[in-house]
Amino acid sequence: MKFANDPMLDTPLPGLDDSEMGSIPKSMPCVIDAHVHLFPEEIFNAVWKWFDKYGWPVRYKLTSIELLEFLLNRGISHIIGLQYAHKPGIANELNLFMAELCQKFPQQLTGMATVFPGEEDSKAVLENAFKLGLKGIKLHSHVQCFDMNSKDMMVIYETCSSHGKPIVMHVGREPKSPVYKCDPYLLCSADKLEEVIKNFPALKVCVPHLGVDEFSAYQKLIEKYDNLWLDTTMALADYLPNLTPPPLIEMRADRIMYGSDFPNIPYAWDREIKLIHKMDLPEKLLKRIMGKNAVEFFSIKAMRKAG
């Protein structure tokens, strides 16, 4: 397949041997990690095999329970658990898995459901997930190869909107790889996403990675629309090549959330936290980015106090 642009992951990127802190600095406000992946062990193993071969070496190969305990023991106050179905027919199983994790961590974990766009009974899959207590959904266009303005996606938007559930949707063009089954540059754009948020004004949408690589376009969209959020995941880690996101101080403060992409990262778990800490942001803005915005976006009711 010929891709529209040279892929960022044309060859695997290196891991970093950077140091990690034992806990979050006391000077930091409450930290909610809005982008943590949780999968059954066999799916994690397949994901890590892909990353090791085509992406970057995954540093933290832990089970879902182990990684939750890892972050909570280091001062993360609350975790948003994300997953995505890479093929039809597995979403119900993944959603049950996430719901069971939430039962084990009732005040520390908000679980998101998934569905494969276009699969049979996708509306029922989501409604069953919401009955299990899951608080929204996660989709990944690079893996699931959906057009965000397709008829299949309308069913998903309408179901989430009618139930008041948000969507975390990776529809930024990067990072992409030539081994993907589809070209993200043909499926993804800020213009296409704008159609969604205009047509579904009651639907809350979060685009990860600050919309990499269309930073300026997404910066303008969050200024224009109140139902769009971005998360920082990997965009501020000074790792992905040839990317310069706008300074956080110049972005709409109430529409940015901190996220790590843990455990699928090639550097220290707290790398982005430390870099944000060094920005010396105003306290009010820092509180919003590190926690308050996630509370509002995901409607977090109960949250444990970090030790």
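The values are calculated or read from the model by the stated rules, or taken from the named source; none is laboratory data. Small disclaimer: the values here were computed from a predicted structure and weren't measured. All Cβ positions, even for glycine, are placed from backbone atoms using ideal geometry, and neighbour counts span all protein chains on display.
Table for the structure above
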| read-out | value |
| --- | --- |
| Test: residue in the range 192-212 that is within 28 Å of residue 157 (Cα to Cα), small (Gly, Ala, Ser) and in contact with a His (Cβ under 9 Å, 6 or more places away or on another chain) | no |
| The range 107-133 residues that are over 12 Å from residue 94 (Cα atoms), paired with ones that are at pLDDT below 95 and in a loop (DSSP other than H, G, I, E, B) (beta carbon under 8 Å, 6 or more apart) | 107/302; 107/303; 107/304; 108/303; 108/304 |
| Count of residues meeting criterion [in a loop (DSSP other than H, G, I, E, B) and of a type in the set (Val, Ile, Thr)] in the range 266-288 | 0 |
| Test for residue 139: is it within 20 Å of the chain's Cα centre (by Cα) and either in a strand (DSSP E or B) or β-branched (Val, Ile, Thr) (or both) | yes |
| Test: residue in the range 24-35 that is hydrophobic (A, V, I, L, M, F, W, C), in contact (Cβ under 8 Å) with a residue 12 or more places away in the chain and touching a strand residue (DSSP E or B) at 6+ places or on another chain (Cβ under 6 Å) | yes |
| Search result, residues across the range 289-307 that are aliphatic (A, V, I, L, M) and part of a helix (DSSP H, G or I) | 289, 290, 294, 295 |
